[in-house]
Every structure is written in structure tokens, then in C-alpha cells.
Amino acid sequence: MEKSKLSILGIMLLTVLMISCHKGRNKLVNSWKITAVEAKMPLSDSAKNVILTQGNLTFTEDGHVTGYMQSEITNGTYALTKGGKSLVIKDETGTPYPCESTITDDKLILDSKEMKLTLSKI
């Protein structure tokens with residue numbers, strides 16, 4: 001009897017966790033354009049300009065990401081955790097770019113140790 005109650009509680013907790021992560025992913029899946037760059041480390045004006053002019057990311061439902069952040073990402077992956085508050089983007093070589101994320105219907109803010117990027121939905 002006690003084990004069945006624990007099993008039911010565990011299944012309910014897992015379901016709530018999966019639903020909350022999925023909601024964040026639904027807001028993220030789209031194409032985004034970088035509209036603002038706040039450097040936390042030295043960044044030249046030309047590098048900042050390249051990020052602003054070329055910067056975009058496209059997230060797919062199946063966990064893939066393409067675009068340009070600090071470099072070209074042609075076949076990357078992403079993981080969204082903590083209810084949409086933590087995003088890790090990995091490029092095709094597996095280099096991780098962890099950041100805190102804030103996702104609304106039309107804005108995406110990625111805050112990493114190097115810079116804070118603001119993106120707008122395209």
C-alpha cells in the first residue's frame with residue numbers, strides 16, 4: 001500500500017516536471033534575432049557589430065539549434081531546464097554555452113558570464 005502511494009506521487013511529480021519544461025520549450029521554439037549585446041568582458045565594437053548584424057538563432061521542437069551567436073552554429077543542440085530558466089546551447093563540436101534564460105512570447109534574454117544577449121522573435 002505504501003509503495004503504491006509513493007509510486008503514484010513519483011509519477012505525478014515527474015508529469016508536472018515534464019509539463020513545466022515543455023511549456024518553456026514551446027515558447028523557445030522559433031527563430032530569434034539578436035537585438036542587443038551587453039558585454040561583460042572586453043569586446044571590440046567590430047565584434048559587437050558582427051553579433052548584432054548576423055546574430056540569430058532558430059530552435060526546433062526536437063532539440064536542435066542553428067544560427068549565429070559568437071560563431072556560426074550549423075548543427076547544434078540545446079537543453080532547456082529549470083522550468084525554462086537555464087539554457088545550454090552546444091555547437092556541432094559539443095562546446096557548451098550555458099546561460100540563464102528568460103523567455104517571453106516575443107523576447108529571449110540569454111545571460112552568460114561573457115555577455116547578455118537580448119533577442120526578439122522574428
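Using R0 = 35 Å, the C-beta based FRET efficiency linking LYS82 and THR53 works out to 0.65. Taking each residue as 0.36 nm, the span from TYR68 to ILE122 lengthens on full extension beyond its C-alpha to C-alpha distance by 18.0 nm. Among ASP45, ASP91, ASP111, ASP105, the sequence by solvent-accessible area, most first, with a 1.4 Å probe is ASP45, ASP105, ASP111, ASP91.
Translational D (Stokes-Einstein, µm²/s) of region 27-122 at 25 °C and 0.890 mPa s when Rh comes from the Kirkwood sum over C-alpha pairs?
For these conditions, the coefficient is 186 µm²/s.
Determine the alpha carbon to alpha carbon distance for each of LYS40/LYS82; LYS27/LYS107; LYS85/LYS116; LYS48/LYS85; LYS33/LYS90; LYS85/LYS113 and list only those over 21 Å.
With Cα atoms farther than 21 Å apart: LYS40/LYS82; LYS48/LYS85.
Loop-located trypsin sites (Lys or Arg not before Pro) across region 78-113 with a Cβ neighbour count of 15 or fewer within 10 Å are LYS85, LYS113, with loop assigned by DSSP.
Can you give the direction-averaged projected area of the convex hull of the alpha-carbon atoms in region 63-103, in nm²?
Numbers: hull surface 11.1 nm².
The number I arrive at for region 63-103 is 2.8 nm².
The values are calculated or read from the model by the stated rules, or taken from the named source; none is laboratory data. Worth saying up front: this structure is predicted, and the values here are computed from it rather than measured. Every residue, glycine among them, receives a Cβ derived from its backbone with ideal geometry; neighbour counts consider all protein chains shown. The area values use the complete protein model at the heavy-atom level, side chains included, leaving out ligands, DNA and RNA. Shrake-Rupley method; radii C 1.70, N 1.55, O 1.52, S 1.80 Å.
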